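Before any comments, here is the structure.
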Amino acid sequence: ASVANAPMTSAPMTNTIELNDIHIPEPITNYPIAYGWWLLSAITLIVIVFLFIKSRQKAKLKRHQQQAIKQLKNSPNMSNTDVIALLKWAAIHYFSRVQLAKLFGEQFQQFLIEKLTEKHQKEFKQLSTPAFSEQYQAQTNKPSAKTNQELYQAAILWLTHALPPKTPKTQKIKTSTAKEQQGANR
């Protein structure tokens with residue numbers, strides 16, 4: 001209470017503080033972006049490019065299979081000889097041309113059966129056997145419509161389930177090991 005009632009002296013103030021206007025700091029920008037965002041965007045871009053390349057490779061790999069199926073479906077009344085020729089044409093695009101060129105008749109049928117998975121082999125053999133056995137016989141009478149339809153179904157089955165060929169992992173390992181050994185021998 002005594003301080004409040006004390007007389008004010010008008011002594012000159014020597015310690016004056018100069019106050020400046022309030023300055024607002026520079027706005028914070030989003031740039032440069034943190035390294036994590038650059039890394040995330042780079043990884044995303046790489047994944048997108050990788051998926052695009054893989055999808056193009058898969059489409060290219062399946063192109064001949066789809067052409068053969070389309071041709072077969074567009075002309076369901078193809079002769080047995082034409083269907084077998086179409087199967088051979090499709091197989092040549094995926095398997096050794098040298099090996100396939102010498103196959104015909106039952107040998108070619110056996111080759112086709114071997115390229116199917118086990119669960120489809122029996123069905124393909126049942127459907128295709130009459131057509132393959134009649135193929136090189138004297139054509140005294142026209143093949144039955146049932147035989148033509150069965151071969152048509154067998155061809156669709158083979159084209160759908162055998163192409164493009166799936167390489168087992170053990171075969172991939174053997175192939176890469178053989179290539180490595182070849183490189184070591186040079």
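Looking at I46, is it open to solvent by 100 Å² or more (accessible area, probe 1.4 Å) and either within 28 Å of the chain's Cα centre (by Cα) or free of Cβ contacts under 8 Å to residues at least 12 places away in the same chain (or both)? Working first, answer last.
Details: open to solvent by 100 Å² or more (accessible area, probe 1.4 Å): yes; either within 28 Å of the chain's Cα centre (by Cα) or free of Cβ contacts under 8 Å to residues at least 12 places away in the same chain (or both): yes.
The answer is yes for I46.
Please state which one of T117, T81 is surrounded by fewer than 18 Cβ atoms within 10 Å (Cβ to Cβ) and over 22 Å from T147 (Cα atoms). Break it down stepwise before answering.
Details: T81 fails: over 22 Å from T147 (Cα atoms).
Answer to the check: T117.
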*asked:* It is to be established whether one or more residues within segment 54-74 are in contact (Cβ under 8 Å) with a residue 60 or more places away in the chain and in a loop (DSSP other than H, G, I, E, B).
replied: no
*Read through the list (1) of a type in the set (S, T, N, Q); (2) modelled with pLDDT under 85; (3) open to solvent by less than 100 Å² (accessible area, probe 1.4 Å), then give the number of the only condition that N5 fails.*
(3)
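The values are calculated or read from the model by the stated rules, or taken from the named source; none is laboratory data. This is a predicted model, so every value here is computed, not measured. Because the Cβ atoms are built from the backbone with ideal geometry, glycine has one as well, and the counts that use them run over all protein chains shown. Heads up: the accessible areas ignore ligands, DNA and RNA and are worked out on the full protein's heavy atoms, side chains in. Shrake-Rupley method; radii C 1.70, N 1.55, O 1.52, S 1.80 Å.
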